[in-house]
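The values are calculated or read from the model by the stated rules, or taken from the named source; none is laboratory data. What you see is a predicted model, and the numbers here were worked out from it, not measured in a lab. We place every Cβ from the backbone using ideal geometry, glycine too, and count neighbours over all the protein chains shown. These accessible areas exclude ligands, DNA and RNA; they are computed on the full protein's heavy atoms, side chains included. Shrake-Rupley method; radii C 1.70, N 1.55, O 1.52, S 1.80 Å.
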Amino acid sequence: MSKYATIAGGAAGLLAFVAMVIGVVWFCKSQCKNLSNRNSETGSSDPSALVEWNGGAGPSSAPDQSTLGPPEARQFTMEELEQATKQFSEINLIGFGSFGSVYKGLLSDTVVAIKRRPGAPRQEFVAEVLYLSEIRHRNLVTLLGYCQDSGSQMLVFEYLPNGSICNHLYDTGQESSTKLEFKQRLSIALGAAKGLCHLHALSPPLVHKNFKTANVLVDENFIAKVADAGISKILEKIEEAGPSHMSRANAFDDPEVGISGTFTEVSDAYSFGVFLLELITGQRATHIDSLGSEESFIQWVRLQLTSNNFVDYRLHGSFTVNGIRDLIRLTIQCMSFLGRGRPVMEMVVQELERIHEKEMALTTVMGECTTTITLGSELFT
């Protein structure tokens, strides 16, 4: 009898030990899953933002975003934003945009960008901000909060230290501290395309309406993030006189919008094509809107290629012929003067991924490309 009791006791102990091991494994897996979800592409890419949402507490005390979702936009006080910007000092003024002046500020050890414009408090403003703050993606600048006080409306965004891609792209005739080679420009284009693609995949789709090179920012790792998504929508809601910021014509404007007056996803695709054009040439596309037709644009491209004056000379030796040719073709497709001829952003992402992967594979195997300059006329085939 004592023999059976010993066996039964041993079996019970073994079962208890197995149950304990299973419990530990399950706990570890659940923690890994939660960590993976918090670092997914659609989550916040700025860990420092967690400090702000938790009143200065470290990441270890942050709520589980995989179950709670993105934090709601915080309503900041005027006193907080004045302190963050040293009373909106000109020293902290870093630019101007469609929403107004842009200031760099420090909030609870987190650097932020604060956009300010004159305006009376509006409930529509708050509603749009709350909606936009829920849109999170690795390639979109995150909206953290807002403030309406003292005759001003303000938006608080994450701050990207490397600023706009304009600062690193345009050829000013001076030696740039940043040399963007072809693969880097492809990577930046791909990131921006993913940001727009995410906006278009929302239900209902969110059309940017003001996409341009100046609204493509890069972080410390040169990961591209699209800025000002939804700003046009906010301004349309709160400006009784109409969206005056959209009346200024520029090279990024879809020619079809001037006729129909309606922005769609293909309008963003056209603007993205102009962005690609600037990545290829390294120059501002200020003259594109004066060409007047798709035929004139294609003729201009042919002429520039024939004279070898199209591809940014700083790119020579950093691309393959097929890579640059495919990117030029994609640019022309995006800039089709008929919207129905343009690819949707999902297709643009796929094509950029293909070009980028092929370029990476070829240059990794062969080393950096030869410095032999291919005639532009050979690219346009």
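Across segment 326-347, the number of residues qualifying as open to solvent by 30 Å² or more (accessible area, probe 1.4 Å) and touching a residue at least 60 places away in the same chain (Cβ under 8 Å) comes to 6. For segment 272-309, which positions are in contact (Cβ under 8 Å) with a residue 40 or more places away in the chain, open to solvent by 10 Å² or more (accessible area, probe 1.4 Å) and closer than 22 Å to L180 by Cβ? Within segment 272-309, Q283, R284, Q304, N308, N309 qualify.
Sort out which residues of segment 190-210 are touching a helix residue (DSSP H, G or I) at 6+ places or on another chain (Cβ under 7 Å) and more than 23 Å from R354 (Cβ to Cβ), and write them in order of number. Hits for segment 190-210 are P205, L206, V207, H208, K209, N210.
Is one or more of the residues making up segment 343-357 touching a Ser or Thr at 6+ places or on another chain (Cβ under 7 Å) and either modelled with pLDDT of 90 or more or of a type outside the set (A, V, I, L, M, F, W, C) (or both)?
Yes, segment 343-357 contains at least one residue that is touching a Ser or Thr at 6+ places or on another chain (Cβ under 7 Å) and either modelled with pLDDT of 90 or more or of a type outside the set (A, V, I, L, M, F, W, C) (or both).
Of all the numbered requirements in (1) open to solvent by 50 Å² or more (accessible area, probe 1.4 Å); (2) among the acidic types (D, E); (3) farther than 22 Å from E82 by Cα, D109 misses one, and that requirement is (3). When I114, I91 are checked against the criterion of being surrounded by 13 or more Cβ atoms within 10 Å (Cβ to Cβ) and at pLDDT 95 or above, I114 stands alone in meeting it. For segment 71-110, the set of residues classified as closer than 17 Å to P121 by Cβ and in a loop (DSSP other than H, G, I, E, B) consists of A73, F76, T77, F99, listed by residue number.
The residues listed here are Y313, Y270; of these, the one that is over 19 Å from H356 (Cα atoms) and within 21 Å of the chain's Cα centre (by Cα) is Y270. Just a yes or no: is a residue in segment 206-217 modelled with pLDDT of 90 or more, open to solvent by 40 Å² or more (accessible area, probe 1.4 Å), part of a loop (DSSP other than H, G, I, E, B) and at positive phi? There is at least one residue in segment 206-217 that is modelled with pLDDT of 90 or more, open to solvent by 40 Å² or more (accessible area, probe 1.4 Å), part of a loop (DSSP other than H, G, I, E, B) and at positive phi. Any residue that is assigned to a strand (DSSP E or B), under 14 Å from the mean Cα position of the chain (by Cα) and either among the small types (G, A, S) or surrounded by 19 or more Cβ atoms within 10 Å (Cβ to Cβ) (or both) - is there at least one of those in segment 226-233? Yes; the residues of segment 226-233 include at least one that is assigned to a strand (DSSP E or B), under 14 Å from the mean Cα position of the chain (by Cα) and either among the small types (G, A, S) or surrounded by 19 or more Cβ atoms within 10 Å (Cβ to Cβ) (or both).
Being farther than 19 Å from E357 by Cβ, among the hydroxyl-bearing types (S, T, Y) and open to solvent by 10 Å² or more (accessible area, probe 1.4 Å): is that true of S187 here? So S187 does not fit the description; no. The residues in segment 117-128 that are touching a residue at least 60 places away in the same chain (Cβ under 8 Å), surrounded by fewer than 17 Cβ atoms within 10 Å (Cβ to Cβ) and outside any helix (DSSP H, G or I) can be counted, and the count is 1. For segment 80-100, residues that are on the phi < 0 side of the Ramachandran plot, polar (S, T, N, Q) and out of contact with any Gly (no Cβ under 8 Å at 6 or more places or on another chain) total 3. Within segment 290-326, the set of residues being in a helix (DSSP H, G or I) and under 19 Å from C166 (Cα atoms) comprises Y313, R314, L315. Screening Y146, Y170, Y131 for residues that are surrounded by fewer than 17 Cβ atoms within 10 Å (Cβ to Cβ) and closer than 28 Å to A201 by Cβ leaves exactly one candidate, Y131.
Could you say whether any residue in segment 137-153 is over 30 Å from N322 (Cα atoms), touching a Leu at 6+ places or on another chain (Cβ under 7 Å), touching a residue at least 24 places away in the same chain (Cβ under 8 Å) and assigned to a helix (DSSP H, G or I)? Taking every residue of segment 137-153 in turn, none turns out to be over 30 Å from N322 (Cα atoms), touching a Leu at 6+ places or on another chain (Cβ under 7 Å), touching a residue at least 24 places away in the same chain (Cβ under 8 Å) and assigned to a helix (DSSP H, G or I). Is it the case that some residue within segment 208-218 is more than 14 Å from the chain's Cα centre (by Cα) and within 22 Å of R117 (Cβ to Cβ)? Yes.
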